[in-house]
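The values are calculated or read from the model by the stated rules, or taken from the named source; none is laboratory data. Given the structure is predicted, the values throughout are model-derived calculations rather than measurements. FYI the Cβ positions are ideal-geometry reconstructions off the backbone, even for glycines, and counts take in every protein chain you see. For accessibility, only protein heavy atoms count, side chains too; no ligands or nucleic acids. Shrake-Rupley method; radii C 1.70, N 1.55, O 1.52, S 1.80 Å.
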Amino acid sequence: MITTQMKTQPIQDCIKDCIGNTPLIRLNKLFPEKHINVNAKLEYMNPGGSMKDRPARFFIEQGIKNGDIGANSHIIESSSGNLGIALAMLSRLYHLSFTCVVDPKITKTNLKILKTLGANVVMVEEKDDQGGYLKSRIHMVKKLLQELPNGYWINQYANEDNWRAHYFGTGFEIAEQLDEKVDLLVMPVSTTGSIMGTSRRLKEKYPDLKVIAVDAVGSVIFNAPSGPREIPGFGASRVPEILNINEIDEVIYVNDKESVEGCRELLLREGMFAGGSSGSAVAAIKQLLPTLDSYTNIVTLFPDRGDRYIDTIYDESWVSKLG
């Protein structure tokens, strides 16, 4: 009989106390090269299903602490899904009203989860001048702020607590979990809060760390030409205010099909059922491999679960329509 001794976790008082302390896994099957070590932080194992649990908790608790959020506050945010779900979960715990502004590219699953968690959902239909919906969503948020009493906009693209949540959370944990030097941090981006906060913390321990952002083809975060993108939560049609481009050493662009292929290969080789931006990270690392001729220790991050993409990335008919 084979027995496995498992590490136990203490009993928590609340679901929010389960946010963070996610595992770091070596991707030995997907990247078997002897001179390459790829470690993935499994952020999809947060209770809300994504890394957005971290900033959601930080936004609300800091807002309460500094007096910006009170008992009658109505939280408002624009989201493609994950932050909205995390805010809906935390708003329920803190007995706060929450309205999430979404667009037609939100997955059916995420939309159902938001409504099930009790969020008020406002759908925008008109595309912005970049061909996406982000600016249209922001316009709606500002309209709601004028209409809803005690409205409070989280504003994840400009809120400094976004990167701070990952500095004190994700980055701190990775620094504690790894014993050897980290050479490359390869992370998919959208608001850039996760890459900013995580890299700032890791660079305190590993000053020579090279920071590589993985962006979507068609995203304008790093001033590339705008274009159509189909995978939500990856890339953006605006430059985040919290981004300091001087802290990014390199940008790798991944298209929708490459993201899908990365997800499929991750599932096939490692048994990990992850979302679109996780596949993008895998695709980016595969692009890097030919350039790495000496031992390289890589850290990446898998932001969300694959079940939220069951009608898109993991649906053959949806994939067949990609350009």
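Per-structure values
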{"read-out": "³J(HN,Hα) computed for each position of the range 203-210 - Karplus, 6.51 cos²θ - 1.76 cosθ + 1.60, integer Hz, glycine/proline x", "value": "5, 5, 9, 10, x, 8, 4, 9"}
{"read-out": "Efficiency of FRET between Lys29 and Val239 - r from beta-carbon atoms, R0 35 angstrom, step 0.05", "value": "0.40"}
{"read-out": "Three-way shape call for the range 66-223 based on the alpha-carbon gyration tensor, with the a/c threshold at 1.5", "value": "prolate"}
{"read-out": "Cα-based helix-to-principal-axis angle, 134-147 vs the chain, degrees rounded to 10", "value": "30"}
{"read-out": "FRET efficiency, 1/(1 + (r/R0)^6) with R0 45 Å, evaluated for Glu250 and Lys115 via beta carbons", "value": "0.70"}
{"read-out": "The range 1-154, dipole about Cα centre (Lys/Arg Cβ +1, Asp/Glu Cβ -1), debye to the nearest 20", "value": "460"}
{"read-out": "The range 236-280-the range 17-73 distance, computed between alpha-carbon centres (Å)", "value": "16"}
{"read-out": "Cα-based shape type of the range 1-153, given that a ≥ b ≥ c are square roots of the gyration tensor eigenvalues and the cut on a/c is 1.5", "value": "oblate"}
{"read-out": "Packing rank of 177-187, 74-84, where each peptide gets the mean count of other beta carbons within 10 Å, highest leading", "value": "74-84, 177-187"}
{"read-out": "Rg/Rg_ref, the range 176-307, where Rg_ref = 2.2 N^0.38 Å and atoms are Cα", "value": "1.02"}
{"read-out": "Cα gyration tensor shape of the range 1-91, rounded if a/c is under 1.5, else prolate or oblate by comparing a/b with b/c", "value": "prolate"}
{"read-out": "Theoretical gain in end-to-end length, Asp208 to Ser294 [0.36 nm per residue, Cα-Cα removed]", "value": "29.4 nm"}
{"read-out": "Ordering of 164-173, 264-273, 314-323 by packing [mean C-beta count within 10 Å, highest first]", "value": "164-173, 264-273, 314-323"}
{"read-out": "MRE, 222 nm, helices only [DSSP H, n ≥ 4, -39500 (n - 2.57), over the chain, to nearest 500]", "value": "-10000 deg cm²/dmol"}
{"read-out": "Lys, Arg +1 and Asp, Glu -1 on Cβ, resulting dipole of the chain about Cα centre, debye, nearest 20", "value": "480"}
{"read-out": "Calculated SAXS-style log₁₀ I(q)/I(0) at q = 0.11 Å⁻¹ - the chain, Debye, Cα scatterers", "value": "-0.66"}
{"read-out": "Residue order for Asp208, Asp256 - accessible surface, 1.4 angstrom probe, largest first", "value": "Asp208, Asp256"}
{"read-out": "The chain: angle of helix 256-270 to the longest principal axis, Cα-based, in degrees nearest 10", "value": "60"}
{"read-out": "Derived scalar couplings ³J(HN,Hα) [the range 45-53; Karplus, 6.51 cos²θ - 1.76 cosθ + 1.60; whole Hz; x for Gly, Pro]", "value": "8, 5, x, x, x, 7, 5, 5, 4"}
{"read-out": "Largest to smallest accessible area among Met196, Met51 [probe 1.4 Å]", "value": "Met51, Met196"}
{"read-out": "Equivalent ellipsoid semi-axes, the range 239-305, via Cα gyration tensor eigenvalues times 5, rooted, Å", "value": "21, 17, 11"}
{"read-out": "Most to least accessible of Glu176, Glu43 (protein chains only, probe 1.4 Å)", "value": "Glu176, Glu43"}
{"read-out": "Radius 14 Å from Cβ of Phe59, net charge of other residues (Lys, Arg +1; Asp, Glu -1)", "value": "0"}
